Amino acid sequence: DNPAFLELAAHDMSDKINAELLTMTYGAMVQQLLKDHKDVKTVNAELHKMGYNIGVRLIDEFLAKANISNCSNFRETSQVIAKVGFKMFLGITADVTKWRQDGKQCSITFKGNPLNEFVEIPPKYSKLRYSNILCGVLCGSLHMVNLLVEAEFVQDVLLGDPDNEIRLTLKEVLQEEYHDDEV
Amino acid sequence: MTIYKLFIFDRHGTCLFYRAWFQKPQNAKAVEQEKKLLFGLMYSVKDFVNKMSPRSLDATENAGWYSYTTSDYKLHYFETLSGLRFALTTDPNQSSLQQTLRSIYHLYVSLIVKNPLYKIGTVISIPQFIAQVDALCKSIPSP
């Protein structure tokens with residue numbers, strides 16, 4: 001499977017919506033969450049949870065459209081996420097870097113983030129992970145293909161970092177199980 | 001073209017969708033029994049074909065199986081990486097229906113997964129989906 005080709009195909013096949021509409025809606029939602037919860041940590045968790053629920057559904061759209069086959073290891077999986085997944089749903093490509101020796105942790109880095117447009121974070125919210133929803137999406141969708149991962153923003157352009165960086169850690173590869181309820 | 005039944009199971013073995021176009025009379029209990037048996041079969045065959053593979057497969061890899069045929073019918077099988085399982089039974093002479101099952105998967109994505117009112121993992125009762133699946137299955141060319 002040639003990633004460059006997949007990337008193109010993935011991009012062509014998805015319905016496009018106005019990026020500004022998404023950005024504005026997302027911004028309004030984060031703002032409302034901050035109003036409702038007042039606590040930045042809760043907001044981060046809430047965004048993560050929303051993302052998870054999106055991911056659980058998104059995975060099927062991804063698999064149906066991208067028509068990819070099994071990834072043989074976590075390295076391949078992260079490559080597909082960065083090159084095909086990010087392109088399909090965000091219209092940007094990301095790079096996979098900073099592999100830990102054991103191959104169970106890496107970073108997905110990307111320059112532009114469509115969610116970030118027009119956004120400024122006031123200093124009092126410096127702990128806010130504005131795009132934490134993306135981490136949730138990664139966790140939710142990977143859970144559906146039996147990969148238990150943790151995802152965390154370690155760099156965010158909005159907070160003055162040069163790059164956006166999500167650290168992805170593979171916790172466990174789940175085994176498929178089926179319990180017969182009739183004994 | 002004779003299509004008999006369609007089953008869709010989720011990763012936990014819940015039957016999300018069942019449609020019989022043509023079948024011998026059955027009561028509800030027998031249908032439930034059939035779903036359970038079928039899921040058990042799918043699960044075991046998958047396990048079995050992987051074990052029988054001449055190559056050694058690593059944990060995430062799957063040999064995959066596509067169909068089985070009896071003298072009376074053929075069962076076409078398609079499984080997604082997210083653990084959804086599709087099974088369609090037809091006339092035994094029918095050629096491969098992998099593409100049709102894939103199209104049903106696409107319908108599932110656009111009409112079910114993207115429907116915010118549908119709760120993941122529950123039985124599908126969305127009329128539009130049923131109608132489109134019907135239309136798709138009716139359009140399958142004869143063997």
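The values are calculated or read from the model by the stated rules, or taken from the named source; none is laboratory data. Keep in mind it's a predicted model, so treat the numbers as computed, not measured. Glycine gets a Cβ as well: all are built from the backbone with ideal geometry, and neighbour counts include every protein chain shown. The accessibility values were calculated without ligands, DNA or RNA, using every heavy atom of the protein model including side chains. Shrake-Rupley method; radii C 1.70, N 1.55, O 1.52, S 1.80 Å.
Of the numbered conditions (1) closer than 24 Å to B:Ser110 by Cα; (2) surrounded by 22 or more Cβ atoms within 10 Å (Cβ to Cβ), A:Phe89 satisfies every one except a single condition; which is it?
With respect to (1) closer than 24 Å to B:Ser110 by Cα; (2) surrounded by 22 or more Cβ atoms within 10 Å (Cβ to Cβ), A:Phe89 is out only on (2).
Quick one: is A:Ile54 touching a residue at least 40 places away in the same chain (Cβ under 8 Å), within 14 Å of chain B (Cβ to nearest Cβ) and either assigned to a helix (DSSP H, G or I) or open to solvent by 70 Å² or more (accessible area, probe 1.4 Å) (or both)?
Judged against the criteria, A:Ile54 is a match.
Can you go through A:Asn116, A:Asn164, A:Asn132, A:Asn146 and tell me which one is under 23 Å from B:Ile120 (Cα atoms), touching a residue at least 40 places away in the same chain (Cβ under 8 Å) and either away from every other protein chain (no Cβ under 14 Å) or open to solvent by 30 Å² or more (accessible area, probe 1.4 Å) (or both)?
One residue alone meets the criteria, A:Asn132.
Give all pairs with beta carbons closer than 6 Å in which a residue from region B:129-143 that is on the phi > 0 side of the Ramachandran plot and open to solvent by 40 Å² or more (accessible area, probe 1.4 Å) meets a residue that is at pLDDT below 90 and assigned to a helix (DSSP H, G or I); count only pairs at least 6 apart in sequence or on separate chains.
So the pair list comes out empty.
Of the numbered conditions (1) within 14 Å of chain A (Cβ to nearest Cβ); (2) assigned to a strand (DSSP E or B), B:Tyr77 fails exactly one; give the number of that condition.
(1) is the only condition that B:Tyr77 fails.
Residue pairs, Cβ under 6 Å, 6 or more apart or interchain, first in region B:42-54 and within 12 Å of another protein chain (Cβ to nearest Cβ), second open to solvent by 40 Å² or more (accessible area, probe 1.4 Å). List them.
If the second residue must be open to solvent by 40 Å² or more (accessible area, probe 1.4 Å), the pairs left are B:Tyr43/A:Tyr178; B:Asn50/B:Leu57; B:Asn50/B:Ala63.
Can you tell me which residue within region A:7-51, out of those that are modelled with pLDDT under 90 and outside any helix (DSSP H, G or I), is farthest from the other protein chains (Cβ to nearest Cβ)?
Ranking the qualifying residues of region A:7-51, first place goes to A:Lys38.
Among A:Ala82, A:Ala66, which is more than 14 Å from every other protein chain (Cβ to nearest Cβ) and open to solvent by less than 20 Å² (accessible area, probe 1.4 Å)?
Answer to the check: A:Ala82.
When you look at B:Gly64, is it on the phi > 0 side of the Ramachandran plot, within 14 Å of chain A (Cβ to nearest Cβ) and surrounded by 16 or more Cβ atoms within 10 Å (Cβ to Cβ), yes or no?
It is false that B:Gly64 is on the phi > 0 side of the Ramachandran plot, within 14 Å of chain A (Cβ to nearest Cβ) and surrounded by 16 or more Cβ atoms within 10 Å (Cβ to Cβ).
Restricting attention to region A:29-48, which residues are closer than 21 Å to A:Cys139 by Cα and surrounded by fewer than 12 Cβ atoms within 10 Å (Cβ to Cβ)?
Result: A:Lys41, single match.
Report yes if B:Ser125 is touching a strand residue (DSSP E or B) at 6+ places or on another chain (Cβ under 8 Å), free of Cβ contacts under 8 Å to residues at least 40 places away in the same chain, away from chain A (no Cβ under 13 Å) and not basic (Lys, Arg), otherwise no.
Judged against the criteria, B:Ser125 is not a match.
Restricting to region B:91-110, and then to whatever is open to solvent by 20 Å² or more (accessible area, probe 1.4 Å) and in a helix (DSSP H, G or I), can you tell me which residue is nearest to the other protein chains (Cβ to nearest Cβ)?
In this case the residue turns out to be B:His106.
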